[in-house]
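Following: one structure in structure tokens, then a few remarks.
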């Protein structure tokens with residue numbers, strides 16, 4: 001249950017002049033309503049407003065983001081959440097080292113823990129790829145012949161933030177946010193951390209355009225195309241992009257595998273609930289066949305356990 005946000009007039013003034021100094025009146029009111037809805041404290045930097053294109057009225061937008069501390073506060077209220085019990089796994093590639101990637105980071109993965117209805121804990125994996133989240137943009141310089149600034153053709157990493165100074169910390173925050181949205185979508189759907197929005201600072205786009213494009217880029221990068229279904233076969237495995245035409249055969253083969261336990265099937269259904277719904281919307285007959293096989297196999301294993 002969310003904690004009510006109760007600020008007196010003096011506190012509201014402080015928030016308005018500091019944390020929300022870039023907001024206009026309507027944006028400030030919206031920010032406070034969001035803080036109240038999420039039950040987060042602006043003074044503790046659990047939630048902050050980001051105003052984009054402040055000097056461009058036609059593009060001006062505010063995006064409300066939750067900090068890492070805010071995410072953890074929200075997660076602790078879920079009742080079925082446990083934080084990571086081991087360090088994040090970082091994948092490096094020395095060939096990628098350079099000005100736009102100081103440590104040659106490919107990706108980071110974080111393992112959180114979710115409790116099922118039997119009281120058992122299973123891992124939820126979140127992955128974030130450097131080329132999807134790092135604020136890398138075109139380098140601009142003054143062109144004397146053109147008499148104006150133009151792109152040089154080079155890419156640069158925004159040096160004004162922490163991505164250049166603390167690249168591991170930044171990419172891990174993004175991975176943790178991904179895990180929370182994947183494991184607890186009812187709580188974290190549409191909730192973004194500041195690090196996920198840093199790319200917006202380097203691009204001439206509205207906040208909503210950035211979020212839309214980021215989601216599109218993430219899906220395409222993970223799936224290598226739009227005609228796929230994102231599936232996590234086992235809780236300790238990363239998500240896999242399965243071509244839509246192969247989904248039914250792959251799923252049925254996996255479900256019928258004799259090594260699958262009742263817990264495997266129940267967790268598969270719980271973790272992939274949203275993906276299976278999307279599969280149903282895009283290929284109803286195939287999804288129905290998968291659902292029938294899953295229900296029959298689950299029922300059979302349940303009867304076997306009861307008999308034992």
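The values are calculated or read from the model by the stated rules, or taken from the named source; none is laboratory data. Small disclaimer: the values here were computed from a predicted structure and weren't measured. Methodologically, a virtual Cβ is constructed for each residue, glycine included, from the backbone with ideal geometry; neighbour enumeration extends over all protein chains shown.
Only residues that are under 17 Å from residue 247 (Cα atoms) and either loosely packed, with under 12 Cβ neighbours inside 10 Å or outside the structural domain of residue 268 (by TED's automatic domain parsing) (or both): list them for region 291-307, please. The one that is under 17 Å from residue 247 (Cα atoms) and either loosely packed, with under 12 Cβ neighbours inside 10 Å or outside the structural domain of residue 268 (by TED's automatic domain parsing) (or both): 292. Comparison of 217, 236, 198, 204 shows that the only residue that is over 19 Å from residue 112 (Cβ atoms), at pLDDT below 90 and not in a helix (DSSP H, G or I) is 204. The set of residues in region 85-103 that are over 16 Å from the mean Cα position of the chain (by Cα) and touching a residue at least 24 places away in the same chain (Cβ under 8 Å) comprises 85, 86, 90, 96, 99, 100, 101, 102, 103. The single condition among (1) out of contact with any strand residue (DSSP E or B) (no Cβ under 6 Å at 6 or more places or on another chain); (2) modelled with pLDDT of 50 or more that residue 228 does not satisfy is (1). The single condition among (1) in contact with a helix residue (DSSP H, G or I) (Cβ under 7 Å, 6 or more places away or on another chain); (2) over 30 Å from residue 153 (Cα atoms) that residue 106 does not satisfy is (2). Could you check region 94-108 and list, in sequence order, the residues that are over 15 Å from residue 178 (Cα atoms) and surrounded by 13 or more Cβ atoms within 10 Å (Cβ to Cβ)? Of everything in region 94-108, those that are over 15 Å from residue 178 (Cα atoms) and surrounded by 13 or more Cβ atoms within 10 Å (Cβ to Cβ) turn out to be 96, 97, 99, 100, 101, 102, 103, 104, 105, 106. Applying a threshold of 8 Å to beta carbon distances and a minimum spacing of six or more residues, or different chains, the list of pairs starting in region 280-308 at a residue that is at positive phi and ending at one that is part of a helix (DSSP H, G or I) and surrounded by 11 or more Cβ atoms within 10 Å (Cβ to Cβ) is empty.
Scanning region 55-76 for residues that are surrounded by 13 or more Cβ atoms within 10 Å (Cβ to Cβ) and either free of Cβ contacts under 8 Å to residues at least 12 places away in the same chain or under 20 Å from residue 32 (Cα atoms) (or both) yields a count of 15. Looking at region 37-156, the strands (runs of 3 or more DSSP E) lying wholly inside it that each contain 2 or more residues that are within 27 Å of residue 235 (Cβ to Cβ) sit at 89-92, 105-115, 121-129.
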